[in-house]
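Take a look at the structure set out below.
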Amino acid sequence: MMYLLSALLILPLVCCKTNPYFKEQFNDGEQWEERWIQSEHKGKEWGKFVLSAGKFYGDGELNKGIQTSQDARFYGISSKFNAFSNEDKPLVLQFSVKHEQNIDCGGGYIKLFDCSLDQKDLHGETPYLIMFGPDICGPGTKKVHVIFNYKGKNLLINKDIRCKDDVYTHVYTLIVRPDNTYEVKIDNEKVESGELENDWNFLPPKKIKDPEAKKPEDWDDRAKIDDPDDTKPEDWDQPEYTPDPDATKPEDWDDEMDGEWEPPMINNPAYKGEWKPRQIDNPNYKGQWIHPEIDNPEYTSDSKLYRYTEICAVGIDLWQVKSGSIFDDVLVTDDPEYAKTFAEETWGATKEAEKKMKDSQDEEERKKAEEEAKQTKEKEEDEEEEDENEEEGEETSETTEEPHEHEEL
Ligand SMILES: [Ca+2]
């Protein structure tokens, strides 16, 4: 009995402890460099990732992540873990990114790869399984990418998910479930969800227009027709222009010199334009013809759209114009609840302090700018005063000189 009881007490702890497939917090100094491999793919100028909590943060140690450090560079870095399949389980991909540089154009997304990834050769064309996260370029592009590779093709989501575009840390979460549904969260709040089959073009359409079906030739789809009983009134046709009845021949008109006088033409008030018969309801109207649909022979359902048989690495592969983005708290797990708690314990625990530090830096800068402006103004005023004194001095010397000249005269 005792044994049973203790077994029951222990069981929940054993059964539900989450072991993430991958968890990276960059909180152990420079050791991350042993876990992450920088790409050396030829032909690209690779920017360097540096460990940093940035210019402002909630916690100087915990908020350390890897930061893009050089402008207008490609960034390629990845980390491998034990391969797993998400078959019959949720897949959660989560990370935080802070664009503290006030990003103008650049990616902030991460990718999942299978084990074939050659880490030192990672580049933009390297095949991946999933690409997820924010992408910003000018005011036009501010979206969250969710791209799935399915049978060799990269499929973009058909919906528009807006990303955060401020300078603070935000957590992006993608959950893919074995019932072929998904959810995207930003800062632990759901921003989009639905069915994989509906929101990506994984499969060809279920129904297509029947290629055999044709609109019958006698199908009348005219809702209105000309009234056959309506006839054009006999006095309808009038010329568009008519000689101006008020015009008179000028007195100095010389028929021999100027030719025969004709009055100028004006718009004819009796002119009615083109006659059109009255419209009536068409008694033979059958409505709009609808092309019948049939099951698409090319369509085969796939109950495992969500499934990746081998997930093995996470990587950052992007281009940035203005560097400074910090990636942190990367998590790959099968437990959405664990991911939620992890986000709360990391981003959630430091976001307010981060905001506060930024606010106080902004306030300091504002004061500094104010002080500088004040000093510049004072300096200018001093100089003006000096100028005035100098001018007065010059005037004095001039007036004293003048009599001399007069005396000489
Ligand atoms: Ca960290």
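Within the range 61-72, track down each residue that is within 16 Å of the ligand (Cβ to nearest atom) and either modelled with pLDDT under 95 or surrounded by fewer than 16 Cβ atoms within 10 Å (Cβ to Cβ) (or both).
Step one: list which residues in the range 61-72 are within 16 Å of the ligand (Cβ to nearest atom), which gives 61-68.
Correct list: 61 only.
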Taking the options 293, 217, 274, name whichever one is under 57 Å from the mean Cα position of the chain (by Cα) and closer than 30 Å to residue 153 by Cα. 293
Residues in the range 102-123 that are open to solvent by 20 Å² or more (accessible area, probe 1.4 Å) and at pLDDT 95 or above: how many? 9
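Sort out which residues of the range 224-243 are closer than 30 Å to residue 292 by Cβ and either in contact with an Asp or Glu (Cβ under 6 Å, 6 or more places away or on another chain) or open to solvent by 50 Å² or more (accessible area, probe 1.4 Å) (or both), and write them in order of number.
Taking the range 224-243 and keeping what is closer than 30 Å to residue 292 by Cβ, we get 224-225.
Of everything in the range 224-243, just one residue is closer than 30 Å to residue 292 by Cβ and either in contact with an Asp or Glu (Cβ under 6 Å, 6 or more places away or on another chain) or open to solvent by 50 Å² or more (accessible area, probe 1.4 Å) (or both), namely 224.
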Just the residues that are in contact with a Lys or Arg (Cβ under 7 Å, 6 or more places away or on another chain) and surrounded by fewer than 13 Cβ atoms within 10 Å (Cβ to Cβ), please, taken from the range 280-293. 281, 291
Of everything in the range 73-89, what is open to solvent by 50 Å² or more (accessible area, probe 1.4 Å) and either within 16 Å of the ligand (Cβ to nearest atom) or within 25 Å of the chain's Cα centre (by Cα) (or both)? Give them in sequence order. 73, 74
For residue 242, work out the one condition from (1) β-branched (Val, Ile, Thr); (2) more than 30 Å from residue 355 (Cβ to Cβ); (3) not in a strand (DSSP E or B) it doesn't fulfil. (3)
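Which residues, counting only those in the range 174-208, are within 21 Å of residue 341 (Cα to Cα) and either in a helix (DSSP H, G or I) or open to solvent by 30 Å² or more (accessible area, probe 1.4 Å) (or both)?
Step one: list which residues in the range 174-208 are within 21 Å of residue 341 (Cα to Cα), which gives 174-177, 182-193.
Within the range 174-208, 177, 183, 189, 190, 191, 192, 193 qualify.
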Check every one of the strands (runs of 3 or more DSSP E) wholly within the range 278-335 and list those with 2 or more residues that are within 16 Å of the ligand (Cβ to nearest atom). 311-320, 325-333
Only one of 136, 103 is part of a strand (DSSP E or B), of a type in the set (A, V, I, L, M, F, W, C) and under 30 Å from residue 59 (Cα atoms), namely 136
Consider the range 15-36. How many of its residues are under 17 Å from residue 337 (Cβ atoms) and either modelled with pLDDT under 95 or within 12 Å of the ligand (Cβ to nearest atom) (or both)? 6
Out of all the residues in the range 42-59, is one or more surrounded by fewer than 19 Cβ atoms within 10 Å (Cβ to Cβ), part of a loop (DSSP other than H, G, I, E, B) and either among the aromatic types (Phe, Trp, Tyr) or within 15 Å of the ligand (Cβ to nearest atom) (or both)? yes
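The values are calculated or read from the model by the stated rules, or taken from the named source; none is laboratory data. Here the structure is a predicted model, which means the values were calculated and not measured. We place every Cβ from the backbone using ideal geometry, glycine too, and count neighbours over all the protein chains shown. Heavy atoms of the whole protein, side chains included, go into the accessibility calculation; ligands, DNA and RNA do not. Shrake-Rupley method; radii C 1.70, N 1.55, O 1.52, S 1.80 Å.
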